[in-house]
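Below: one structure, written as structure tokens.
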Amino acid sequence: MAVPARRCRPRMRAPATVVQLLPFRPAAAARRASALTHPATASPSSPRTNSRWSEEMMLSEMTPVPEAVLPQEAFKAHLRLGTGFDEAGLQEAVLISFLRAAIAAIEARTGKVLLARDFLLTLSTWRDPQVQALPLAPVQVIQSVTLVDGSGSEQLLAPERYRLEPDSQQPRLRPVGGPLPMVASGGAVRIAIRAGMANSWAALPGDLAQAVLMLAAHYYEFRDDTRLQGGCMPFGVTSLIERYRALRVSLGVGAAGDRGFGRNFGPGAGA
């Protein structure tokens, strides 16, 4: 008696799971954390109704790095340029421009102000009346705090009403004897600060000084190359500045289910 052959059913495969990775957005993460910790004040349909996250900020550099502070002779030696090569001074301007560009690029990557200068921070409101994070590091001194009402009238806040809380990543302005004064509707608060790691080139950490010279030399060498993409930085430079880079901790959930709120530190934070 013939035994019929067994038919094997085709094995069904489970559909592949597609995971879409979304970019990290600090403001959105902050609103989610605020909704978890303060559900009564959070508004999902209108996230900017909470004044804690409706802050507008403008940061202005009041004084550029003086040319006398820039390491022009050290840069020439790094490039192995001879003395007296430029009597008209045209090459001097080119070298200075590359030094400024290198300093700006490294400050953007590290979140640190290298050479000290003055800045003006303008806010539409306080992020928190008990503490205001400053988007520059390190801050040497808070020079003044000025309240501006809706009509443009200015009121200088007494220095004994606030203090600087130094921090290598995110310094803060804290009130003394009570919360920070309320900012009038349509007004602003202006915070004049002086920030920088060093007041002179000689006082700058050696690895950062070397990174500036290397990056400026890179710009000088490839000044006619238009193929370089934005953000291009040699590996030697990135390795020197790595330990100075701003910390970034994202919003996450621990093994025990504890939710943590991460912040971005440095000049770019809160901008």
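Observations, loosely collected:
- Hits in segment 126-137 (condition: open to solvent by 40 Å² or more (accessible area, probe 1.4 Å) and in contact with an Asp or Glu (Cβ under 9 Å, 6 or more places away or on another chain)): Arg127
- Any chance Ala192 is open to solvent by 20 Å² or more (accessible area, probe 1.4 Å) and either within 23 Å of Glu61 (Cα to Cα) or hydroxyl-bearing (Ser, Thr, Tyr) (or both): no
- Test: residue in segment 101-109 that is touching a residue at least 40 places away in the same chain (Cβ under 8 Å), outside any loop (DSSP other than H, G, I, E, B), over 16 Å from Ile193 (Cα atoms) and not hydrophobic (A, V, I, L, M, F, W, C): yes
- Test: Val183 is β-branched (Val, Ile, Thr), assigned to a loop (DSSP other than H, G, I, E, B) and open to solvent by less than 40 Å² (accessible area, probe 1.4 Å): yes
- Residues of segment 142-165 satisfying the condition of being over 18 Å from Ser60 (Cβ atoms) and surrounded by 12 or more Cβ atoms within 10 Å (Cβ to Cβ): Asp149, Gln155, Leu157, Pro159, Arg161, Tyr162, Arg163, Leu164, Glu165
- Selection status of Arg248, within 18 Å of the chain's Cα centre (by Cα), open to solvent by 40 Å² or more (accessible area, probe 1.4 Å) and either at pLDDT 90 or above or on the phi < 0 side of the Ramachandran plot (or both): yes
- Test: Ala133 is in contact with a strand residue (DSSP E or B) (Cβ under 8 Å, 6 or more places away or on another chain), among the small types (Gly, Ala, Ser) and either at pLDDT 95 or above or under 22 Å from Gly177 (Cα atoms) (or both): yes
- Among the residues of segment 139-176, those that are in a strand (DSSP E or B), touching a residue at least 40 places away in the same chain (Cβ under 8 Å) and polar (S, T, N, Q) comprise Gln140, Gln143, Ser144, Thr146.
- Condition met for Ala104 (of a type in the set (A, V, I, L, M) and open to solvent by 20 Å² or more (accessible area, probe 1.4 Å)): yes
- Within segment 177-189, residues that are charged (D, E, K, R) have Cβ atoms under 7 Å from residues that are surrounded by fewer than 12 Cβ atoms within 10 Å (Cβ to Cβ) in no pair, counting only partners at least 6 apart in sequence or on another chain.
The values are calculated or read from the model by the stated rules, or taken from the named source; none is laboratory data. These figures come from a predicted structure and were not determined experimentally. Cβ sites come from the backbone with ideal geometry, for glycine too, and all protein chains shown count toward neighbours. Each accessible area value is taken on the protein alone, full model and side chains, heavy atoms only, with ligands, DNA and RNA left out. Shrake-Rupley method; radii C 1.70, N 1.55, O 1.52, S 1.80 Å.
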